[in-house]
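Have a look at this one before I ask anything.
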Amino acid sequence: MQLAEREFPKILHFYRVDGLNLIFDGFEPITPDKILYYWHNPADGSVYVMELTDYVHEFMGSKPSMRIVEDFWDDHNCDWEVKRWLSRSDSTDYTDLDNWFYWPECGDKCVMAQLKADVSALANRKLERSIADISSGQMSARRARLEELIEIDDQR
């Protein structure tokens, strides 16, 4: 479970932030099944986060949670307040998961938000910047193996 860097432009386009010239700051695993990818806007210092996971807990219910909170690992815990969740349209129909979720090659799903934080909030986080270059063929093989092992959840 990890994104290929070649997908970043597609994801940023999906969430309609590709025109902001966001700068990638890095990523961190916050649970065994969840990775956060961070970008900041150089124009105003605002922070954007993309969550890659197999199940998006924030979207359980009629309206998504306005917090991303995890304390699984001491050195990668987080308590982010969400300013707004991003989608591919202006709809507020939170049941239309295809509007909110980007489905990457790896077989998990992504959601993206703008945080109520500025880039200085990332200064002391232990972020990884190097992303393994996994070919689309390798990613497809991993996804096929994963789908054999798990049940498709109700968010698909």
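Where a Cα-Cα gap under 20 Å defines reach, which lysines qualify for Lys116, not counting those fewer than 8 residues away within the same chain?
The reachable lysines, counting only those whose Cα sits under 20 Å from Lys116, are Lys63, Lys83, Lys126.
I need to check one value: relative contact order of the range 1-133, counting alpha carbon pairs closer than 8 Å and at least 6 residues apart, in percent.
30
Sequence-distant or interchain residues sharing an amide H contact under 5 Å with Asp25, placed H: which?
Tyr38, Trp39, His40
Report the gain in length on full extension from Ser62 to Ala123: 0.36 nm times residue separation, minus Cα-Cα distance, nm rounded to one decimal.
Going from the current span to full extension adds 18.6 nm.
For a quick size check, give me the Cα extents of the range 1-108 along its three principal axes, largest first, whole Å.
Cα spread of the range 1-108 along its principal axes, largest to smallest: 35, 32, 28 Å.
In square angstrom, rounded to the nearest 10, how much accessible surface does Asp71 have for a 1.4 Å probe?
120
Give me the percent relative contact order of the range 4-57, please, defined on Cα pairs under 8 angstrom at least 6 residues apart. It would help to have the intermediate numbers written out before the result.
Values: 63 pairs, mean separation 13.2, N = 54.
About 24 percent, as a whole number.
Full-extension gain between Asp33 and Arg6, please, as 0.36 nm times their residue separation minus the C-alpha to C-alpha distance.
On the way: separation 27, 0.36 × 27 = 9.72 nm, distance 2.13 nm.
Full-extension gain reported as 7.6 nm.
State, to one decimal in nm, how far the label point of Asn77 lies from the label point of Asp18, with both points 7 Å from Cα in the Cβ direction.
Each label point lies 7 Å from its Cα, and together they span 3.9 nm.
Given H placed 1.01 Å from N in the peptide plane, which residues other than close sequence neighbours of Lys116 have an amide H under 5 Å from its amide H?
When sequence neighbours closer than 5 places are left aside, the close amide H contacts are Glu81, Val82, Lys83.
Can you give me the solvent accessible area of Leu20 with a 1.4 Å probe, rounded to the nearest 10 Å²?
We get 60 Å² for Leu20.
The values are calculated or read from the model by the stated rules, or taken from the named source; none is laboratory data. Because the structure is a prediction, the values reported are computed rather than measured. Cβ sites come from the backbone with ideal geometry, for glycine too, and all protein chains shown count toward neighbours. Side chains included, ligands, DNA and RNA excluded: accessible areas come from the protein's heavy atoms. Shrake-Rupley method; radii C 1.70, N 1.55, O 1.52, S 1.80 Å.
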